[in-house]
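For reference, the structure is listed below as structure tokens.
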Amino acid sequence: MSLDELPQKELASSEAIQFARSDSRFRSLSPAPIPIPTAPSFRSLVDPVSDERLNHDIVTSHESENGSISTVSSTVSSIESEKAAYEFLAQTPIKSTDAHLVEFSEAMRTVAKALRRVAEGKASAQAEAAEWRRKYELEMAHKQQSKIKGYGSCTNSELEKLASQLTLEMPASDQSGCCGNHGICSHEVLQDESPGPNPRSSQKMVSRKASFRLSWGCNGDKNGQHKHDFVSFEKGDITTAERSNKQILLKWESSPQTVLFITKPNSNSVRVLCAEMVRWLKEHKNINVVVEPRVSKELLTEDSYYNFIQTWDDDEEIKMLHTKVDLIVTLGGDGTVLWAASLFKGPVPPVVAFSLGSLGFMTPFPSEQYRDCLDNVLNGPFSITLRNRLQCHLIRDAAKDELETEEPILVLNEVTIDRGISSYLTYLECYCDSSFVTCVQGDGLIISTTSGSTAYSLAAGGSMVHPQVPGILFTPICPHSLSFRPLILPEYVTLRVQVPYNSRGQAWASFDGKDRKLLSPGDALICSISPWPVPTACLVDSTTDFLRSIHEGLHWNLRKSQSFDGPRD
């Protein structure tokens with residue numbers, strides 16, 4: 001072995017010994033990654049090498065010839081590099097950076113938990129919406145089964161056959177009395193009931209009900225463009241099935257026998273007119289007259305001649321009014337029509353509304369011409385407007401299932417949810433079927449029918465809509481957002497408005513301006529179109545009456561005409 005190779009081997013042995021010692025000491029440290037362990041002291045790693053040896057090596061290194069490196073100087077250089085590395089690892093910035101990484105890791109875990117809660121909340125909301133929908137459908141099915149019996153079932157093939165023939169199938173025994181190809185006949189004409197106990201004449205209700213049919217056409221134009229999927233019947237009761245853009249005509253199959261009078265209270269002119277119309281109907285038309293208990297007492301107090309009038313005593317008789325009454329006559333304004341509609345929770349007979357109020361959006365008939373108007377209606381045919389109603393279900397948070405919900409409330413104009421006397425903004429969550437619509441923050445929300453579009457919804461910025469347009473109006477009241485504009489939704493949707501648990505205050509719901517009910521956090525209000533509309537008689541036709549009402553009642557787009565003596569093209 002040469003002399004030049006000997007120092008290199010000694011250097012290798014020395015470096016191996018030093019790195020072995022360093023490695024063994026480093027391995028003995030704690031393996032925990034956080035925080036980074038402090039590096040062992042430099043002196044513990046280089047005990048065999050004294051400070052004097054280091055100085056000697058440095059001097060020797062400098063005295064060596066150019067181009068050659070001594071063994072001792074190489075050892076010292078290696079040890080200094082290792083010392084610098086451990087000093088760098090032991091510096092404070094590394095520890096601070098690691099602490100920031102730990103804090104960032106904790107923050108990311110917090111964000112992950114929040115995102116997971118949001119996803120779970122969204123899934124829970126969707127499941128809750130589906131459950132509300134299921135409850136609503138179950139309740140509707142239960143009520144229809146309990147109230148509507150005897151309906152015949154039709155298969156898809158039968159429905160296609162009906163659509164192709166543009167007529168309704170009638171039982172064989174009724175074919176001779178069918179209205180023909182251009183109309184809808186009632187399936188059955190009610191016959192007189194078997195006589196029972198004879199109550200006093202002023203309270204007995206007649207049992208016979210007149211039948212009628214509806215036909216389609218523009219102002220009675222029999223052009224063959226008729227549709228028979230619009231209205232379905234059962235013993236003379238009307239229920240909407242599908243919309244049509246044609247004017248609807250009502251023609252009696254048999255003469256009306258019973259008329260119900262609904263009058264505005266506390267009005268001398270209305271009371272005088274009611275007595276006159278009742279006397280005329282009885283003497284000239286031989287019509288049975290039913291009045292409210294209040295009106296019956298007033299008429300009997302005035303004259304014993306009115307002993308023939310009939311009335312009711314309890315709510316059970318009110319529920320059966322639609323089976324006895326052929327026609328409703330209202331004397332008053334739009335509020336009287338709303339009150340008349342509220343008496344009927346199911347089918348509503350045709351309403352003839354005489355104008356004795358202020359605006360008259362739903363009262364087209366002038367009271368001064370009541371004889372001619374009633375003659376036209378009783379003889380028929382006449383145009384009618386089918387005004388949809390909203391069916392509202394209030395479901396409390398304490399209710400465990402759908403059987404604990406309150407009785408449904410029917411409204412003809414609108415249902416309003418507002419903040420009441422609270423100074424806080426109303427906070428409402430709104431859903432359309434199973435889809436989230438928006439959160440309402442403001443004074444409240446109006447859910448309106450198209451008939452009610454010219455009422456509270458119009459004052460809150462909603463659009464005026466023709467009453468036979470199939471839709472539901474969604475109008476906010478003073479929303480705290482410039483981009484919150486009213487909506488018009490299709491009539492087949494179900495709306496759910498609920499007060500969230502984190503709402504600062506409560507809310508109040510009113511139905512056609514009355515019957516205010518408190519909505520606490522967790523309560524929900526479900527609204528959908530009722531299957532039983534309110535058919536109102538038209539003076540001319542539906543569109544003409546609507547345009548007349550907005551022109552005369554609201555002075556819509558009224559301004560002075562531009563003069564003709566100005567500049568011309």
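The values are calculated or read from the model by the stated rules, or taken from the named source; none is laboratory data. All of these numbers come straight from a predicted model, not from anything done at the bench. Please note: Cβ atoms are built from the backbone with ideal geometry, for glycine as well, and neighbour counts cover all protein chains shown. Quick note on the areas: whole protein, heavy atoms, side chains included, nothing else; ligands and nucleic acids left out. Shrake-Rupley method; radii C 1.70, N 1.55, O 1.52, S 1.80 Å.
Key figures
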quantity: Leading residue at positive end of dipole, the stretch 477-569 (Cβ point charges), from 487, 554, 505; calculated: 505
quantity: Inter-probe distance in nm under a simple model that places probes 7 Å from Cα toward Cβ, at residue 120 and residue 552; calculated: 6.4
quantity: Accessible-area value, residue 546, 1.4 Å probe, nucleic acids and ligands omitted, Å²; calculated: 30
quantity: Accessible-area order (highest first, 1.4 angstrom probe) of the listed residues 122, 135, 113, 514; calculated: 122, 113, 514, 135
quantity: Rounded to the nearest 10 Å², the accessible area of residue 306 at probe 1.4 Å; calculated: 10
quantity: Inter-probe distance in nm under a simple model that places probes 7 Å from Cα toward Cβ, at residue 406 and residue 255; calculated: 4.6
quantity: Contour excess over end-to-end distance, with Cα ends at residue 516 and residue 561 and 0.36 nm allotted per residue; calculated: 11.7 nm
quantity: Per-pair calculated FRET efficiency, R0 = 22 Å: residue 398 and residue 131 via Cβ, rounded to 0.05; calculated: 0.85
quantity: Residues of the stretch 390-532: accessible area per residue with a 1.4 Å probe, Å²; calculated: 42
quantity: Two-site FRET efficiency, residue 276 against residue 379, from Cβ-Cβ distance with R₀ of 22 Å, rounded to 0.05; calculated: 0.60
quantity: Accessible surface of residue 565 - all protein chains present, 1.4 Å probe, nearest 10 Å²; calculated: 130
